[in-house]
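Notes for the one structure printed next.
None of the figures in this text is laboratory data; all of them are computed from the coordinates on show. This structure is a prediction, so every number in the text was calculated from the model and none was measured. Reconstructed Cβ throughout: ideal geometry from the backbone, glycine too, with neighbour counts over all protein chains shown.
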Amino acid sequence: MYPHERSLVEEMKDKPFALIGVNSDSSVEKAKAAIAKNNLNWRSFQNKGNGGEISKDWAVAGWPTVVILDENMKIHYRGHDGNAATKIAEELVAKMEAGNK
């Protein structure tokens with residue numbers, strides 16, 4: 001998924017969009033190494049393993065889980081299909097941009 005996510009962040013850089021990652025690496029050092037190795041261009045938070053607080057709070061049952069939120073924090077998608085998530089994100093951004101004109 002990383003190449004897709006990198007290109008999505010680039011495509012949406014001047015739009016009302018943010019990609020935020022949550023990693024399940026066992027240490028901050030491993031997370032930083034993975035970010036550098038995979039050239040990630042978005043923020044990522046430390047979950048401290050699969051059973052960390054973020055995954056518990058967001059009811060994450062598998063990795064990767066994609067959650068698409070709007071500006072009001074309403075969930076529009078929760079799942080594992082990056083293509084479906086991208087389509088929904090693009091539709092939400094287009095709707096937001098149209099409303100701001």
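Expressed as an acute angle from 0 to 90° and rounded to the nearest 10, what is the orientation of the C-alpha long axis of helix 82-99 relative to the principal long axis of the chain?
With rounding to tens, the tilt is 40 degrees.
Work out the charge dipole of region 2-99 with +1 on the Cβ of Lys and Arg and -1 on the Cβ of Asp and Glu about the Cα centre, then indicate which of 94, 23, 3 is farthest towards its positive end.
So the residue furthest toward the plus end is 23.
May I ask you to compute the full-extension gain from residue 27 to residue 6, defined as 0.36 nm times their residue separation minus their alpha-carbon distance, rounded to one decimal in nm?
Separation in residues times 0.36 nm, less the Cα-Cα distance, equals 5.3 nm.
Rounded if a/c is under 1.5, else prolate if a/b is larger than b/c, else oblate: which is region 32-71, with a ≥ b ≥ c the root eigenvalues of its Cα gyration tensor?
Oblate, because a/c is 1.5 or more while a/b does not exceed b/c.
Can you give me the pair-distance distribution of the chain, C-alpha pairs, 5 Å bins, whole percents?
With 5 Å bins starting at 0, P(r) equals 2, 12, 21, 24, 20, 13, 6, 2, 0.
Can you give me the relative contact order of the chain as a percent, contacts being Cα pairs under 8 Å and 6 or more apart?
23
Give me the number: length gained by fully extending residue 97 to residue 19, i.e. 0.36 nm times residue separation minus the C-alpha to C-alpha distance, one decimal in nm. Spell out each step's value before the answer.
Working: separation 78, 0.36 × 78 = 28.08 nm, distance 1.73 nm.
Gain on extension, residue 97 to residue 19, equals 26.4 nm.
So, counting K/R as plus one and D/E as minus one, what does the shell of residues with Cβ under 13 Å around residue 66 add up to? If you can, show how the numbers build up before the last one.
Numbers: positive: 78, 87; negative: 5, 81.
Value of the local net charge: 0.
Could you name the lysines in cross-link range of residue 15, using Cα to Cα under 26 Å and dropping any fewer than eight places away on the same chain?
74, 87, 95, 101
In debye, nearest 20: dipole of region 2-99 around its Cα centre with unit charges on the Cβ of K, R (+) and D, E (-)?
On the way: 13 positive and 14 negative charges, 62 e Å.
So the magnitude is around 300 debye.
Fewest first, what order do 73, 12 take by the number of other Cβ atoms within 10 Å?
Exposure proxy ranking, most exposed first: 73, 12.
What ranking do 28, 93 get, fewest neighbouring Cβ atoms within 10 angstrom at the top?
Least crowded to most crowded, the residues run 28, 93.
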